Amino acid sequence: MRRIPLDDIDRTAAALHASAEVPDDLRRTVGDVVAEVRRSGDAALRQYKRRFDGVDIGEPMAVPRAPLTAALERDTPEVADALRLAAANIRAYHERELPRARRETLAQGQVVGQEIVPLAAAGLYVPGGLADCPSAEAAMEFVNAFAPEHLELHVDEPGALLAKVRNAGAVFVGRHAATAVADYAAGTNHVLPTGGAARYAQGLSASVFVKRVAVMSLDATAAARLAPAAAAIAREEGYGTHALSAELRGGTDGDHSRE
């Protein structure tokens, strides 16, 4: 078992992150790949797939359904059933986290909400990575400083510790919650922030594939109630035209002396 000194938590976390830093030559290689993909698009992706994986990708790049179905049929019943179970759990988990369109009426009568619009395209990097993780049994202070990709809470009262976790890609709660189960079958996402990025980032989710569009609608009553406040703030910031537009729609005629 790897023991982690906790006499200087910040220095220990920094040292562990530094040990996993990407070498300069690899960083340059990846930078060249990214630049070429930006320049040449799908043609570059096909070139690198041929170079690194020895695979020629045809048109279209998406794998047709027929080969996928045939591949599933070639699997043993045990593996095929396991994949179907995992797929069902993944769908159920992510359908529940998908943001929803909504509307609600606030105090002055304005109707506000959001629409959820699918993105035309989303690019994902799914690393293979190594499964060499630091101990999750250290103090919560270290966990939050280190921001691990995976965190397993194998303790008697894991719920109490879960409430203290602020920085982790995914948390597996209780002695039976093995990382392998989450990775392959439970339904949660295995594409997680590495290298301490869990301090500010989260794992892949359905929200990556959509964007939120704010929506507001006003009737005459709500416009009249909100216009004075909107106009006052707009004039304070020096936007007299904004103030006037609020007043006109609200049916008021405010003091224009500061415009």
| Are there any helices (runs of 4 or more DSSP H) wholly within the range 149-253 with 2 or more residues that are surrounded by 15 or more Cβ atoms within 10 Å (Cβ to Cβ) and touching a residue at least 60 places away in the same chain (Cβ under 8 Å), and if so which? | 220-236
| Every pair of residues 6+ apart whose Cβ atoms lie under 9 Å, when the first sits in the range 77-102 and is within 8 Å of residue 187 (Cβ to Cβ) while the second is among the hydroxyl-bearing types (Ser, Thr, Tyr) and part of a helix (DSSP H, G or I) | 86/184
| query | What about residue 79, is it under 27 Å from the mean Cα position of the chain (by Cα), surrounded by 10 or more Cβ atoms within 10 Å (Cβ to Cβ) and not acidic (Asp, Glu)? | reply | no
| request: Being in a loop (DSSP other than H, G, I, E, B) and of a type in the set (Gly, Ala, Ser) is the filter; apply it to the range 103-118 and report the residue that is surrounded by the most Cβ atoms within 10 Å (Cβ to Cβ). | output: 109
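Any read-out appearing in this document is the output of simple, stated calculations on the displayed coordinates, not a laboratory observation. Given the structure is predicted, the values throughout are model-derived calculations rather than measurements. Using ideal geometry, Cβ is built from the backbone for each residue, glycine included, and neighbour counts are taken over all protein chains shown.
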